[in-house]
Amino acid sequence: MRRSQRDAYDQLCGWTLGLGDAAFVHQHAHMRLARQQRAWPAFVLPAARGVLTATDVLSTPAGPDRLAAIRSWCESVWEAYHDSRRQVIALLAEYGIV
């Protein structure tokens, strides 16, 4: 059975949270973002959202190779959302995350 991208993303989030590695700070960022109720900026979703998927990352064996795949996935997504970078950085700065 082929797992959905959402299931793969959720599994990948759980895997990185279990690492206890400060390099994976998404949990802390999400917690800060969730503390305040506010209107979020509208982000334009690009047609192509990166060349790698969470499923691609999870197909890489756990360990150093998967960590490298996660970094490549993040870079791919960040590049795909290039036009929204200023908005994302401003939002994260407003919350003291960057």
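Where a number appears in this text, it was derived from the coordinates with a stated rule and is not lab data. Since this is a predicted model, take the numbers as computed values, not measurements. Backbone-built Cβ (ideal geometry, glycine too); neighbour counts: all protein chains shown.
Quick notes
- Vicinal HN-Hα couplings computed from phi for segment 43-59 (Karplus, 6.51 cos²θ - 1.76 cosθ + 1.60; Hz; Gly/Pro x): 9, 7, 7, x, 4, 9, 9, x, 7, 10, 10, 4, 4, 4, 5, 5, 7
- FRET efficiency, 1/(1 + (r/R0)^6) with R0 35 Å, evaluated for Ala29 and Asp56 via beta carbons: 0.95
- Cα convex hull volume per residue for the chain (Å³): 123 Å³
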